[in-house]
Each structure stands twice: as C-alpha cells, then as structure tokens.
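One structure is given here, and the rest of the page talks about it.
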Amino acid sequence: MTLDKGCCASICQSFFEYATPKILVIRSKRVGTVNRLIQAVIIAYVIGYVCVLKRGYQDTDSVISSVTTKVKGVALTNTSDLGLRVWDVADYIIPPQEESSFFVLTNMIITANQTQSRCPEVPGPNSNCSSDRDCTPGLKDVRGNGVQTGNCVNYSDSVKTCEVLAWCPLEVNVDPPVPPMLADAENFTVLIKNNIRYPKFNFNKRNILPHINKTYLTHCIFNATTDPDCPIFSLKYIVSAAQEDFQTMAVMGGVMGIQIRWDCDLDMPASWCKPRYTFRRLDNKDPENNVAPGYNFRFAKFYRTADDVEVRTLIKGFGIRFDVMVFGKAGKFSIVPMLLNIGAGLALLGLVTVVCDWVVLTFMKKRHQYKEEKFSYVDDYGLLSETAE
C-alpha cells in the first residue's frame, strides 16, 4: 500500500514539473574545440553542399521531351544473291520512323525467290523421319517453317525430313557473313532533333541551338571536343564513343543508347542551357553468358512474276538499334525551398549542444561536477513559503 502511494506521488511530482534552460559556460579547450568543429562542419554542409552544390535555394522541374531522327548515307554491296546493288535510306532504315529510336541494317542472310510450294523441312528433332508414318498431315510446328503434308522426303542424300507446305526454298540456318554486308554503314549520319520543355517554368528549347543555320548543318559532324553543338552524328563515332568497334558489332547487331542530358540553371542566361551527349551499349555482349546475342529480325520483299506467281525475297536482317534517351532537371530561385533548407540547417545546429553535453557528461573527468551544475531542482512550494515569510 505504501509502495502504491509512493508511485502515485512520484508520477504526480513528475507531471507537475517544469524544465527551463540553464546556461552553463564550460571553459574547456577540448569541449570548445569539439563544439566549434561540429558547428563548422554543419555550416559548411548547409552552405557548400545544400545551397551551392545542390542549389537548395531553387525550385526544380523534370524535363518533357520529344525526339525525331533522320538518317542519311549510301552503301554498295555485291553478292551472289542480289548482284551489284546500292542501298539507300529506304532500304536500310526499318521501319522508316520510330519513337525516340531508329534501326540501321548492317548485315543480312538472304533467301531469294521463295514461292508458296512444297519442300523438305529443315532437319530437326520434330522433322527428321524414316517413313511417312513419322509425319503428321496438317501438323504445324511452332518452331518449324510450314505445315506438314504427311510425306517423308529426301532432304539430302543421307537425311530425310517431313515435307511441308511453306515458302520454299526454306531459309537455312547459317551464321551471318563476316565482314558485314553493309560495312559502309559506319559512315552513315543521323540528325537528331530534340525539343524539351520545363512546364513549371514555361521554358522551351531544342538541341538545334539559335546560332545553328542551314549552311552550318550541311558540313558539321558532332565531336565532343571540336564541335559539341552539332546535332548530326556519325554512327561510327557513336559506337566508338561507347568503347565499341562498329565492324564487330555490325556482324550480329546490337543496341546502342544515345543519352541527352539537359541540366539547366534558369537563374543564369538561357544560352547556358545546352544538351550534353553520352553514348553506351545497352545489350549484353558478355561471351560467357550471352544466349541469342545481337539484334535481328526477318522481313520480306514481295513481287509477282510475268506468270502472275507471287514471289518473295526473305531477309534475316542484323543491325544496330539506336535508342535516344533524354534526361534532365531545371532549377530556378524560389523563397520556399530556400527557407526550408535554412530551417533544416538551423535544426542541425541544435544537435551541437546535444553532442557536446554527451561528451561532457560521459567522458570528462569532472562529469559529476558538471552534472550537478547543469541540473538543479527547485521546489515551488518552498519558494512560495519563503516569499510569504
């Protein structure tokens, strides 16, 4: 019973206590040094990092962007399938327009003069046969080239496969030619037109800067050192800037990234806001863990003979896809973020007292004396009785 009364009295006493700050000046070189050092670090962080480096006095906005591209160049090939042929932009840019990307054909496997007819399937686990019983009429193998007719026919002198109704002759699975057929693609150029907007600040700009005119565009080629403002890029330069070899990459194809960064300080003149270009390879090229390497797809060119027979040329195209990626952030002075960051800095300065008190009351030899001087307990009832007397 006495214990319960003591607990209640202690709780009531704690509830009706009031704490007020007391200034205790400690003349100590060690504590003073720690105090000034922490204050200096916090002030340097707020001024140097938050305000100057990160521009904590600015409001920010993210970029909104649109990208269009135009590739130019001519290549010459001489093959047994196609003979002597000139390739222009209508041949090697597939499709003609994409959103923020473009594909350049660099290599190919050609199967010419295909017609709708019957022919032996390419040898494989589901197509090899020894008699007609091994073939199922109407079977459509998703990994095959056509619909089985039910006949087992000679593929070669020693191999038999199921006959299929398909575009014949079938494409043969072979490696792409080395060197690549369109090796001249490294000399192609691409004009990249990039328009950006920061809606919060009603700011618009494009990578074709005001001083660029038609005469300049007819001869300029981008170079990060000598001509960083030109929006026309050599494909070889893009691949080389990513530490890759164009001719090696062109054999199997791949994916390249063109990164455009717009980091703009709108407190400065608008002419200071310029794009920065970087390049990197995006697909996996690790030879030890690279199943289905490169970039390829199939497409066909159709036509009719004089006998009104539909014929097509099947092309397995290898090439490089270029993805244009735009990043950026703009900042402009605003009183609200500035006050928020100053308030956060002042709050951090309050931690200096906490750290110094902890050092004094934990590690100093006279910590017990400091504790007695720092904390004083005054009974208000005693004060009232003394005043009454």
I'd like the FRET efficiency for residue 259 and residue 362, computed as 1/(1 + (r/R0)^6) with the beta carbon distance as r and R0 of 51 Å, rounded to 0.05.
0.50
List 217, 76, ordered by accessible area with a 1.4 Å probe, largest first:
76, 217
How large is ³J(HN,Hα), in whole Hz, for each residue of region 167-180 in order, when computed from phi with the Karplus curve 6.51 cos²θ - 1.76 cosθ + 1.60 and θ = phi - 60°, using x for Gly and Pro?
7, 10, x, 6, 5, 9, 7, 10, 6, x, x, 10, x, x
Under unit Cβ charges (Lys, Arg +1; Asp, Glu -1), what dipole magnitude, rounded to 20 debye, does the chain have relative to its Cα centre?
1420
Hey, with R₀ at 22 Å, roughly what FRET efficiency would residue 306 and residue 151 work out to, going by the Cβ-Cβ distance, to 0.05?
0.10
Straight-line reach check, residue 374, cutoff 27 Å on alpha carbons, 8 or more apart in-chain or any other chain, hits among lysines -> 22, 29, 365, 366
Measuring from its Cα centre, region 47-177 shows a charge dipole (+1 at each Lys and Arg Cβ, -1 at each Asp and Glu Cβ) which, in debye to the nearest 20, is 260
With label points built 7 Å along Cα→Cβ from the Cα atoms of residue 158 and residue 209, find their separation and express it in nm.
6.7
Round to a whole number: what % of the accessible area of the chain belongs to carbon and sulfur, probe 1.4 Å?
56
Rg/Rh over Cα atoms for the chain, Kirkwood Rh, comes to 1.31
Show me the GluC sites (Glu not before Pro) within region 99-182 that DSSP assigns to loop and that have at most 13 other Cβ atoms within 10 Å of their Cβ.
99
In whole Hz, the Karplus estimates of ³J(HN,Hα) for region 321-334 (6.51, -1.76, 1.60; θ = phi - 60°; x where Gly or Pro) are 9, 9, 9, 9, 10, 10, 10, x, 8, 10, x, 8, 4, 8
In a shell of Cβ-Cβ distance under 13 Å around residue 152, excluding residue 152 itself, what net charge do Lys and Arg (+1) and Asp and Glu (-1) give?
-1
Mind checking the full-extension length gain between residue 223 and residue 115? Use 0.36 nm per residue of separation minus the Cα-Cα distance, one decimal, nm.
34.0 nm
How large is the charge dipole for region 43-107, taken about the Cα centre, if only the Cβ atoms of Lys, Arg (+1) and Asp, Glu (-1) carry charge, to the nearest 20 debye?
300
Dipole of the chain (Lys/Arg Cβ +1, Asp/Glu Cβ -1, origin at the Cα centre): which of 239, 148, 204 lies farthest to the positive side?
204
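The values are calculated or read from the model by the stated rules, or taken from the named source; none is laboratory data. Every value quoted in this text rests on a predicted model; they were computed, and no experiment measured them. Note: ideal-geometry Cβ built from the backbone for every residue, glycine included; neighbour counts use all protein chains shown. Calculation scope for accessible area: heavy atoms of the full protein, side chains included, ligands and nucleic acids excluded. Shrake-Rupley method; radii C 1.70, N 1.55, O 1.52, S 1.80 Å.
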